[in-house]
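Report on the structure given below.
The values are calculated or read from the model by the stated rules, or taken from the named source; none is laboratory data. Values in this document were obtained by computation on a predicted structure and should not be read as measured data. Reconstructed Cβ throughout: ideal geometry from the backbone, glycine too, with neighbour counts over all protein chains shown. Areas reflect the complete protein model, heavy atoms only, side chains present, ligands, DNA and RNA absent. Shrake-Rupley method; radii C 1.70, N 1.55, O 1.52, S 1.80 Å.
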Amino acid sequence: MTKMRILSNLAYRFEVFASVGTNLILMVASIFVWKAAYGGSIGQVDSLNLSDLTTYTVVSILLSSIFVCDVQDTIYSKIREGQIVTDFYRPIPLLACYLADDLGGSLSNLVNKVLPLILFASLFFGVPLPASLTGFLLFIPSCLLSYGILWLLSALVGLIAFWVMELGNMGIVKDSIVRVLSGSIVPLWFFPESVQNVSKFLPFQYTFQTPLGIYIGETGPAAALSSMAVQAVWIGILFLLLAAFWKKTKTKTLIQGG
Amino acid sequence: MSALRHYYSVAACFARLAIQRQLEYPLFLFSWLLMIPIQYFSGIWMLKIIVDRFQPLDGWGFPELSFIYGLALLSHGIMVVLFINTWHMDHMVINGAFDRLLLRPMNVFFQLVASYFNFIGLIDLIPGTIIFLYGCHLVGFEWSAANIVKLILVIIGGVLIRASLFIILGTIAFWTKRNASMVGFALAMLERATMYPLGIYPYLIQVLFTFLIPIGFISFYPSAEFLHKANGFQLPSNLAIWTPVIGIVCFLLSQQVFKFGLKNYESSGS
């Protein structure tokens, strides 16, 4: 029994170590790509210097660890196993329940994944400080709005599972699109003009680039407030979409197995 | 000879079953068809953006970067097709599927690998081939017979190096019963170390990926040689020979580790 317990605990800790390790690798690799790109000879590109981008990368990876959006997988697996029925019986709104679940995941990640990552990052690349205090104060609400957008997108993809039963990797498809167009790896400021113009009308850049731009001081306070307004608008649009979709879905639920 | 034929027929049967299973849900296939190209094409696109805006990475311009990226993807794709079951060994150990393999009168490792011919993994080869051929075109790769033979050897070696790493990691599941996140970790490491030139990393990491975990031989050293680029370490003789040799050595080593793990294997019960 004791052995089993130790093994399962170890296995669990292994998961955390490995996740921190994976993110660390991503961080180190991207930072060295930027280092190579700047190569000592280039001081600034688009008013960004190497230390801005280092901070940008570090904080971007921290954010991606905090933003837990497992709704799509939750809905999908509940449908596959028919458990969605029992959830429907509960007297609380189902989606709020899943949101609470994800928020819990975010909080626990904050402690056991983000703290070690911050520690490592500070050790290797210096503490990723925000550009200014106002920047930092604006960064926090902007992050919350970002999380809202990401979560709603995730929930929308999850609802597709009600129709098709087998969602496959649509979630990862969405994640890959988000990763590129949110500027979480390469800021959109470096993208070709045309892509930047199109992306202004998509929700993605408001998930990572907006808070990160505020954090490193690329986006000034006034611009920050206006982009936070855009974030709020996107949350409104996505929320209405989700509500409408959800209402339609509930009547169409097909229970598999069970 | 008849044993070989027997093994072949079993593998063929497994493959047919696996393909049918994977085609059961059309959206499943479709989502992979969407996801994998998006991931890799966007990866190379972002490298292009960086190189365009800044400067070549450690002397590697966009043509060379797409060559190395494509070469890395080719060996990744073949590994995923043939050896993907090594990623799921923890799963098999936990739900007892592994015990079933032990009961059959056949090589356990063969059964493990052959029981899942990853048809969907072939999709991984699509962006890999396109990016590689594009890279070849950009760098003016010379398609001489010698080069083609070298290329094939390098790809085989790369597949073996990758597979060995996952076999060794999978064997850990015999003890820990859980290693899915280790697989993710290894994948991230492999991806970052094979798709960029190693030269951008600090000396210590270069040493690590050359001598300790020879990931550098999957794509970096062969590309450096094909493209006549300087690389960090002066290694004697032809690098194209090194990759397959190291691949075979790693693979034999991983087989020993697997056998050792199997000896210590205890069923998860139930």
Checklist outcome for this item: Residue-normalised 222 nm signal for chain B, counting each DSSP H run of n ≥ 4 as -39,500 (n - 2.57), nearest 500 deg cm²/dmol, is -24000 deg cm²/dmol
Checklist entry - Where the centroid of each part is defined by its Cα atoms, how far is segment B:74-135 from segment A:33-78 in Å? => result 31
Checklist entry - Put simply, what bits of segment B:148-197 lose 50 Å² or more of accessible area when the other protein chains are there, versus the chain on its own (1.4 Å probe)? => result B:Thr176, B:Arg178, B:Ser181, B:Phe185, B:Arg192
Next on the checklist: Using +1 at the C-beta of Lys and Arg and -1 at the C-beta of Asp and Glu, which of A:Val58, A:Gly135, B:Leu112 has the Cα lying farthest in the positive direction of the dipole of the protein assembly as shown?
Outcome noted: B:Leu112
Next on the checklist: If I take R0 = 25 Å and measure r between the Cβ atoms of B:Thr129 and B:Arg5 in this structure, what FRET efficiency does the formula 1/(1 + (r/R0)^6) give, to the nearest 0.05?
Outcome noted: 0.20
Checklist entry - What size of dipole, in debye to the nearest 20, comes out for the protein assembly as shown about its Cα centre when the only charges are +1 on Lys and Arg C-beta atoms and -1 on Asp and Glu C-beta atoms? => result 1180
Item to check | In order through segment A:129-137: 3J(HN,Hα) via Karplus (6.51 cos²θ - 1.76 cosθ + 1.60), integer Hz, x for Gly, Pro | outcome: 7, x, 5, 8, 5, 4, x, 5, 5
Checklist outcome for this item: Rounded to the nearest Å, the spacing of the alpha-carbon centers of segment A:225-239 and segment A:116-176 is 16
Checklist entry - Counting partner chain Cβ atoms within 10 Å of every residue's Cβ in B:30-39, what's the average? => result 6
Item to check | Contact surface A-B: accessible area buried, both sides summed, square angstrom, 1.4 angstrom probe | outcome: 3700
Item to check | Per-residue average of Cβ from other chains inside 10 Å of A:185-198 | outcome: 2
Checklist entry - Using 7 Å Cα-to-Cβ label points, what is the A:Ser51/A:Phe88 separation (nm, one decimal)? => result 5.8
Next on the checklist: Given Cβ point charges of +1 (Lys, Arg) and -1 (Asp, Glu) and nothing else, what value in debye, to the nearest 20, does the dipole of chain B about its Cα centre take?
Outcome noted: 580
Next on the checklist: Can you compute the FRET efficiency between B:Val149 and A:Val230 using 1/(1 + (r/R0)^6), with r the Cβ-Cβ distance and R0 = 56 Å? Round to the nearest 0.05.
Outcome noted: 0.50
Item to check | Whole-Hz couplings from phi, Karplus 6.51/-1.76/1.60, listed for segment A:15-32; x for Gly and Pro | outcome: 4, 5, 4, 5, 5, 4, x, 4, 5, 5, 4, 4, 4, 4, 4, 5, 5, 6
Item to check | Carbon plus sulfur fraction of accessible area for segment B:32-109, probe 1.4 Å, in percent | outcome: 64
Item to check | Label-point gap, in nm, between B:Ile94 and B:His228 - each point 7 angstrom along Cα→Cβ | outcome: 5.3
Checklist outcome for this item: Simple spin-label estimate for A:Phe124/B:Asp52, 7 Å along Cα→Cβ, in nm, reads 2.9
Checklist entry - With the other protein chains left in place, how much accessible area per residue, in square angstrom, belongs to segment B:1-56 at a 1.4 angstrom probe? => result 60
Checklist entry - Suppose R0 equals 35 Å; then what is the FRET efficiency for B:Leu17 and A:Ser77 from their Cβ-Cβ distance, rounded to the nearest 0.05? => result 0.90
Checklist entry - Heavy-atom accessible area per residue, chain A, 1.4 Å probe: how many Å²? => result 47
Checklist entry - Listed here are the pairs A:Lys113/A:Lys174; A:Lys35/B:Lys150; A:Lys78/A:Lys248; A:Lys200/A:Lys247; A:Lys78/A:Lys174; which of them are more than 26 Å apart at the Cα? => result A:Lys35/B:Lys150; A:Lys200/A:Lys247
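How high is the relative contact order of chain A, in percent, counting Cα pairs under 8 Å that sit 6 or more residues apart?
27
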Checklist outcome for this item: CD proxy, 222 nm, chain A: helix-only mean residue ellipticity via -39,500 (n - 2.57) per DSSP H run with n ≥ 4, per residue, nearest 500, stands at -24500 deg cm²/dmol
Item to check | Averaged over B:40-50, number of beta-carbon atoms from partner chains that fall within 10 Å | outcome: 4
Checklist entry - Using the Karplus equation 6.51 cos²θ - 1.76 cosθ + 1.60 (θ = phi - 60°), what ³J(HN,Hα) coupling, rounded to whole Hz, does each residue of segment B:72-84 give in order, writing x for Gly and Pro? => result 5, 5, 4, 5, 4, x, 5, 4, 5, 5, 8, 10, 5
